[in-house]
Amino acid sequence: MEKNKIQKVMQPIIRLPQVNSMGVIGDPGCEGLGTYNMKVYAGTLEKSAQDDITLIAGDLVPIGNVHYYEEISNLTEIIAHNDVYVLRGNHDTGAYTDYFGEKNYALLAGSFSVVVLDNAMRTFEQEGLDLLRQVLGMEEVKRVIITFHIPVPNHYIKNSVSEEEFARLKEVYGPWKEKVKYLLCGHVHSRFEDVVDDIPLICTGGGGALIEDVSEDIRACDVEHHMVHFYMEEGELRYRFDNLSENCYSGERKNPILKENLERTVAAELMAHLKYLTFADRARRRGMEKIANLFEALASSEYHHARNFYSVIENPAPFGESVETFVPGEAFEHQRSYKMLEEYAQEKGAPLSRQAFSGAAAAERVHEGLLREAADMENFEKETIYVCPICGYVMTGEHAPERCPVCGGPKRQYEVFEAKND
């Protein structure tokens, strides 16, 4: 029988003499177990395969009921390559101990030790502090990582435990402070490094949750999803952040049958999205607002379904290089594909199809130009963009024409997209 990857901790001190490295994943599931979030988490689990063990630094689930624990446990068991230990976060409520066991425990690895403390309720449990005192007092223990979910007071974020709680922790490790090499936490959906009480503090929350702004200096746009590796090098306990690529998990895309069916499903969901939006427009023109509202909601649901399926098979370039990868498709459409189809429709006496291809080609030409400009993302200046809802033509600039240049649709119907100031 294959051994479980998730380790249910049944005793406060666990000896792991063969372990000399640890991967740490922060906050994979607190914003929900949607497919995209779990794709990021799967990617971190695969990266953590290079380490001897993995530690989840809290918030495996959005809320601690059996359904979510079963979902995250099943996914972890399938994808993880090494033993996985869990730290309780503030979202990991309810049935946590049924799945993961003790909330305060210590891992005595071959060359360092990890003391896991539960502060999910913004206080350190006395049981955990007593365990920390016991472990630090051991002669064999030389290098310790003290890890907990919610940060201690630091220079970056106020979302932390109180100074009084930190004082309780400091009082315990104080006599053995030289043994404490790192303080490690999650909770914040970003990453930062600080020094508190002369000890390095590492905060990592990039294992699945949407990255958020921390401060003016640490913005969401500057931080990637990531994990942390702890390892021994030249007799020292070191760490490094490891960013995830946009294509962080590709295992399921490699199954040709599954990939083909996912592609078909994406197409079907997008077709349903379009059908519902079209019907919502028809209902609104007839004054049936409640029906229109229903179908717009259904259309949104189908779009999110399509996005989830697509995220499994997506193979994106790194974000900074992504925009220019869309240019060839737009160029091909207006230079060749739509042009040929427009001519074919003309030959076959299909004026509506000809008109649709002609209008789309004009819009795709503009798309190509805008995408070429946007490839230099930092210097892209277009703030206001108009879309004609009649034919899809795209216009930019402070003053849009009174009529769409392609179909003649009135300006009052244009959809307006305005960039928010950073």
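The values are calculated or read from the model by the stated rules, or taken from the named source; none is laboratory data. What you see is a predicted model; the values in this text were computed from it and never measured. All Cβ positions, even for glycine, are placed from backbone atoms using ideal geometry, and neighbour counts span all protein chains on display. These accessible areas exclude ligands, DNA and RNA; they are computed on the full protein's heavy atoms, side chains included. Shrake-Rupley method; radii C 1.70, N 1.55, O 1.52, S 1.80 Å.
One table, with the values for the structure above:
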item: Angle in degrees between helix 66-79 and the longest Cα principal axis of the chain, rounded to the nearest 10; result: 90 degrees
item: Fully extended contour minus Cα-Cα distance, from Asn315 to Ser353, at 0.36 nm per residue; result: 10.5 nm
item: Interchain or long-range residues, amide H under 5 Å from Ser21's placed H; result: Asp52, Ile53
item: Spin-label pair Lys339/Ile63, simplified geometry with 7 Å Cα→Cβ offset, distance in nm; result: 5.7 nm
item: Helix axis angle, 163-173 relative to the chain longest principal axis, alpha carbon, degrees; result: 50 degrees
item: In Hz, Karplus ³J(HN,Hα) per residue of region 86-102 (6.51, -1.76, 1.60; θ = phi - 60°; x = Gly, Pro); result: 10, 10, 6, x, 5, 8, 8, 9, x, 7, 3, 5, 5, 9, 10, x, 4
item: From phi via Karplus (6.51, -1.76, 1.60), per-residue ³J(HN,Hα) for region 338-350 in Hz, x at Gly/Pro; result: 5, 4, 5, 5, 4, 5, 5, 4, 5, 5, 8, x, 10
item: Stretchable slack from His81 to Asn247, in nm (0.36 nm times residue separation minus alpha-carbon distance); result: 57.9 nm
item: Nearest-ten-degree value, helix 256-285 long axis tilted from longest Cα axis of the chain; result: 60 degrees
item: Å² of accessible area per residue within the chain, as computed with a 1.4 Å probe and no ligands counted; result: 53 Å²
item: Expected 222 nm ellipticity per residue - DSSP helices of 4 or more, -39500 (n - 2.57), all of the chain, to 500; result: -11500 deg cm²/dmol
item: Sulfur and carbon atoms: percent of accessible area, the chain [1.4 Å]; result: 50 percent
item: Selected from Ile202, Ile79, Ile257 as most flexible by GNM, with the chain as the system and alpha-carbon contacts under 10 Å; result: Ile257
item: Cβ crowding within 10 Å averaged over residues, with 349-357, 58-66 ranked highest first; result: 58-66, 349-357
item: Residue-wise HN-Hα coupling along region 148-154, computed from phi with Karplus coefficients 6.51, -1.76, 1.60 (Hz; x: Gly, Pro); result: 7, 7, 7, x, 7, x, 8
item: Model label zone, Asn90; criterion: amide N under 15 Å from point 7 Å along Cα-to-beta-carbon; scope region 41-63; result: 58-63
item: Nearest-0.05 FRET efficiency for Glu140 and Lys411, computed from C-beta distance (R0 60 Å); result: 0.20
item: For the chain, Kirkwood radius (reciprocal of mean inverse C-alpha pair distance, Å); result: 24.8 Å
